[in-house]
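What follows is a set of notes on a single structure, which appears directly below.
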Amino acid sequence: MRRARAACTSLARVHAGCTAALLALPLVAAAQVPDGTGGAPRVSRALAAAPAGGTAPVMDGRLDDVVWQAAPVATGFVQREPDPGAAATLRTEVRVVHGDGALYVAARLYDHPDSVAAQLTRRDASGSYSDWMHVLLDSDDDNRSAFAFAVNPRGVQRDYVLAENGAEDGGWDAVWTARTRLDSLGWTAELRIPLSQLRYSAGAPSWGVNFRRDVARRAEASYWAPITPGAPGFVSRFGALTGLDGVAVPRRLEVQPYASSQVVRAPGDATDPFYSRNELRASGGFDFRYGLTPSLTLAGTVNPDFGQVEADPSEVNLTAFETLLPERRPFFVEGSDIFDFGLGGGAGQLFYSRRIGAPPHGGVPGDAAFADVPARTAILGAVKLSGKTAGGWSLGVLDVLTGAEQARYVTADGGRATAPVEPLTNFFVARVIRDFREGGSALGAMFTGVHRRMDDASLPFLRGSAYSGGFDGRHRFGGGNYEVSGYAVGSLVQGSVESIRAAQLRPGRYFQRPGAAHLRYDPDRTSLHGTVLNLEVERIGGGHWRWELGGRIVSPGFEANDAGYQPEADRVSHFGSVEYHQYEAGRSFRSWRVAVAEGAGWTTGGERLETAVSVAANAQLHSYWTIGGVVERSLAGLSTSELRGGPALATPGQSLAQLSVQSDPRRPLVGTGYAVLARQDQGAGGQATLGVLLAVRPSPRIDLSLQPQLTRLANGAQYLGQEPADGASRYYFARLDQTTSSLTARLSYTFTSTLSLQLYGESFISAGTFSRFAEVDDPSARTFGRRFRPASPDVEPDFNFKQFRSNAVLRWEYRPGSTVFVAWNADLRDQAADGSYSLLRDTGRLFRSDGTNVLLVKFSYWFGL
């Protein structure tokens, strides 16, 4: 489950992304009333929702309906930003009524009409420069999460799920309506939220509720029920929405069928019998949601289509580990928080939804003349059960079936054949959490299972079954200001001898590694099991100070990569951090924070892998500019994966520094500059990254961002490969000098609040030259130079890789919940065995290459009861 974390204090793994986190704005103060339970304090504010009396308000943005005049008023908003605890600078009035199967909310937001910021963006676009009105509903009153509905003066809608730590999950989508209007007093908003979109129990005496108003030109966020930065919690500090005890629970059934067609135009070999210059494809399927009970919802998808999803960024990965990619597919993003069981550090996470529908594991024989291999494994169907009960239970169950995939190929003698590349596979995930003490404590469990139908021995390297699961818990004490948490997880994988051999020899484990007396490689095993244990204690509230202390053990046999993501095993680590956050404005800064973190790790056999200390700081000036930085020092240690199964290799220490500066985000042009500098000891190498992010608002309809970045890398010991020699292995390395540049651009043009065009493009160029070829001589030598001796391997590894990925998506929500997508995706790439880098030359070669283009049209229609 989620736990609050200080920005950029995650011990030894500081990286360039930390600087973005340092730009977070300060929290604010407000008076609270402890509830005496040991959990989070509650505020003493309540608002009664009035019955509509058979006459629902007319949704037109005008607040002249009789029902609004009789409804109680919520006012007296308190700032969270920029002046914590102060009264909001502008008056806001909110009323709530219920009737006709919906909750109606009316807001009068007083302001000078010429000063209202009203950016027109696509639905669910976050971070736009605009005024907003948010309605936050903890309808199941569990103090842990809330449904959020927001609208800006142009009628643009956002919806998301808000967690107890304040984090937003924008993957949740509801079907609701809003109308707004500008007038001489400022602006108004009317929201109609169908009760079918909420989760609650009939007869509940109250719901948690809060209202938030954002005033863009003043960078002001104010709340009706104040939330203090010095105390823990967020949702648990909401006020109470009463008067709903007579509201019935409606039927909840939603069906959304879709149909899509696409044409793919790609380069290829005209002599390839599987190649077609233009390939037409058609598809169809549907999504559904059904309320099994007032608290539980069953959602599903059959043959889902994700053609409109933005492409993943390009990269050149020269490590032994795969890259963790963010989930972008709507079905898996929505409600993903309930399946969140992050293991922290190098242990990864129990469920990684990108495993589902990934490229097939198998391939065709090496002597095949031509091949047609599926790019993705088809998702035949998926169902998801989720919800929260009035008794404090949270439940999530996901079951997905992916198809058996076959590849066609032409044999060396010209014949036709097929080869299985992926078996029929079932993915199962179950999560349950029980809250106690009004959310102050919780116990949870999670289980994952993967079953593959291994009908024959054609894919012996795949495991037939894989299971992982365990328990986690947290307990707040000391008035809710402290929290102790932990988890215990186990894993079991089973399969053929070959598949378990592969598991023992995989990166991050390497049971065959010489010198590791605590590891034992057994080539005859048919199963592998392991555990992870974690315990930590934190101060999460009560003033300006925060701290964290914890430890973790990952056994060598732990394996969660079938359903989850796990880069490494065989780890013992401890970590800690201390942070001071000054959120009241002073003479020089509007707010500032400083954090110190430390961490160290060993193998379970006692080999010291890493030790690091970092200091992170950020501050916001009165001009609303923000500066931040990180300094980290890592000591020399050992790498158990650098030699890909060979002995542990001594690694040099490293010093790292980062700096970021962001201009006033209220301006039409906002710039963020960042720099990362790293240097390894003993002249072993270093890295420098420079980047700029420019965000431009040339008009109320247009958002444009450009992010150029340049990285220079000098790695004195880049692994090249190994070969057997005299009963042992020779490990080859070289110095790598690599230059990587990228330019990412995003443009959004919004015609109306329901019709928008998004353009995304990324140009990526990376070139590397190898020199000073060497082989490992003494892997444990104290100095970098003594670990290697000169060698002349028979390799030419220089590379020059270029790629341009883009997509354009026209999205029209022609009625609530129903959309039309027209998407165009382009992928250009070029590569050569040339390590030189030239921006102009390489860009020219890239855009002269023949790429793949996909044009997609998708139509969906929402039915709701």
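Quick check on segment 712-732. Is at least one of its residues open to solvent by 30 Å² or more (accessible area, probe 1.4 Å) and under 25 Å from the mean Cα position of the chain (by Cα)?
No - not one qualifying residue is present in segment 712-732.
Scan segment 829-841 for residues that are open to solvent by less than 30 Å² (accessible area, probe 1.4 Å) and touching a Leu at 6+ places or on another chain (Cβ under 6 Å) and report the count. Steps first, answer last, please.
Filtering segment 829-841 for residues open to solvent by less than 30 Å² (accessible area, probe 1.4 Å) gives 835.
From the residues that got through so far, the ones that are touching a Leu at 6+ places or on another chain (Cβ under 6 Å) too are none.
Residues in segment 829-841 being open to solvent by less than 30 Å² (accessible area, probe 1.4 Å) and touching a Leu at 6+ places or on another chain (Cβ under 6 Å): 0 in total.
Quickly run through segment 592-609 and pick out the residues that are closer than 30 Å to SER353 by Cα and either in contact (Cβ under 8 Å) with a residue 40 or more places away in the chain or open to solvent by less than 50 Å² (accessible area, probe 1.4 Å) (or both).
Scanning segment 592-609 gives GLY599, ALA600, GLY601, THR603, THR604, LEU609.
Checking TYR510 against (1) without any contact (Cβ under 8 Å) to a residue 40 or more places away in the chain; (2) open to solvent by less than 70 Å² (accessible area, probe 1.4 Å); (3) part of a loop (DSSP other than H, G, I, E, B), which single condition isn't satisfied?
(1)
Conditions: (1) out of contact with any strand residue (DSSP E or B) (no Cβ under 8 Å at 6 or more places or on another chain); (2) surrounded by fewer than 18 Cβ atoms within 10 Å (Cβ to Cβ). ALA516 meets all but one. Number of the miss?
Of everything listed in (1) out of contact with any strand residue (DSSP E or B) (no Cβ under 8 Å at 6 or more places or on another chain); (2) surrounded by fewer than 18 Cβ atoms within 10 Å (Cβ to Cβ), ALA516 misses just condition (2).
Do any strands (runs of 3 or more DSSP E) entirely within segment 70-173 hold 2 or more residues that are closer than 30 Å to GLN758 by Cβ, and if so, which? Step through it out loud before you land on a result.
Numbers: elements: 78-81, 92-99, 102-110, 132-138, 145-151, 157-163.
Fully inside segment 70-173 and qualifying: 102-110, 132-138, 145-151, 157-163.
Conditions (1) crowded, with 16+ Cβ neighbours inside 10 Å; (2) modelled with pLDDT of 90 or more; (3) within 30 Å of LEU677 (Cα to Cα), marked per residue:
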position	(1), (2), (3)
HIS15	no, no, yes
ALA20	yes, no, yes
ASP83	yes, no, no
LEU90	yes, yes, no
ARG95	yes, yes, no
VAL105	yes, yes, no
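Name the pairs: first residue in segment 841-865 and assigned to a loop (DSSP other than H, G, I, E, B) and modelled with pLDDT of 90 or more, second residue of a type in the set (Val, Ile, Thr) and open to solvent by less than 40 Å² (accessible area, probe 1.4 Å), Cβ to Cβ under 9 Å, at least 6 apart or on different chains?
From residues that are assigned to a loop (DSSP other than H, G, I, E, B) and modelled with pLDDT of 90 or more, the pairs are TYR861/THR819; TRP862/VAL175; TRP862/THR819.
Give the residue, chosen from VAL432, VAL364, that is open to solvent by 20 Å² or more (accessible area, probe 1.4 Å), β-branched (Val, Ile, Thr) and in a loop (DSSP other than H, G, I, E, B).
Just one listed residue meets the conditions, VAL364.
Which residues, counting only those in segment 401-429, are among the β-branched types (Val, Ile, Thr) and not in a strand (DSSP E or B)?
Residue satisfying the conditions is THR411 alone.
Considering only residues of segment 582-591 that are surrounded by fewer than 20 Cβ atoms within 10 Å (Cβ to Cβ) and in a strand (DSSP E or B), which is farthest from the chain's Cα centre (by Cα)?
Result: PHE589.
For segment 384-400, enumerate the residues that are in a strand (DSSP E or B) and either over 16 Å from ALA563 (Cα atoms) or touching a Pro at 6+ places or on another chain (Cβ under 9 Å) (or both).
LEU385, SER386, GLY387, LYS388, TRP393, SER394, LEU395 - these are the residues of segment 384-400 that are in a strand (DSSP E or B) and either over 16 Å from ALA563 (Cα atoms) or touching a Pro at 6+ places or on another chain (Cβ under 9 Å) (or both).
Hey, among the residues in segment 532-574 that are among the aromatic types (Phe, Trp, Tyr) and open to solvent by 10 Å² or more (accessible area, probe 1.4 Å), which one's nearest to ARG237 (Cα to Cα)?
TRP545
Within segment 367-381, is even one residue out of contact with any helix residue (DSSP H, G or I) (no Cβ under 6 Å at 6 or more places or on another chain), at pLDDT 90 or above, in a helix (DSSP H, G or I) and over 26 Å from ALA832 (Cα atoms)?
No: zero hits.
Residue by residue, here is whether (1) without any contact (Cβ under 8 Å) to a residue 60 or more places away in the chain; (2) in contact with a Leu (Cβ under 6 Å, 6 or more places away or on another chain); (3) crowded, with 19+ Cβ neighbours inside 10 Å; (4) hydroxyl-bearing (Ser, Thr, Tyr) holds:
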| site | (1), (2), (3), (4) |
| --- | --- |
| ALA648 | no, yes, yes, no |
| LEU656 | no, no, yes, no |
| LEU659 | no, no, no, no |
| GLY683 | no, no, no, no |
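The values are calculated or read from the model by the stated rules, or taken from the named source; none is laboratory data. From a predicted model like this one, the values you see are computed outputs, not experimental measurements. A quick note on method: Cβ atoms are made from the backbone with ideal geometry, for glycine too, and the neighbour counts reach across all protein chains shown. The accessibility values were calculated without ligands, DNA or RNA, using every heavy atom of the protein model including side chains. Shrake-Rupley method; radii C 1.70, N 1.55, O 1.52, S 1.80 Å.
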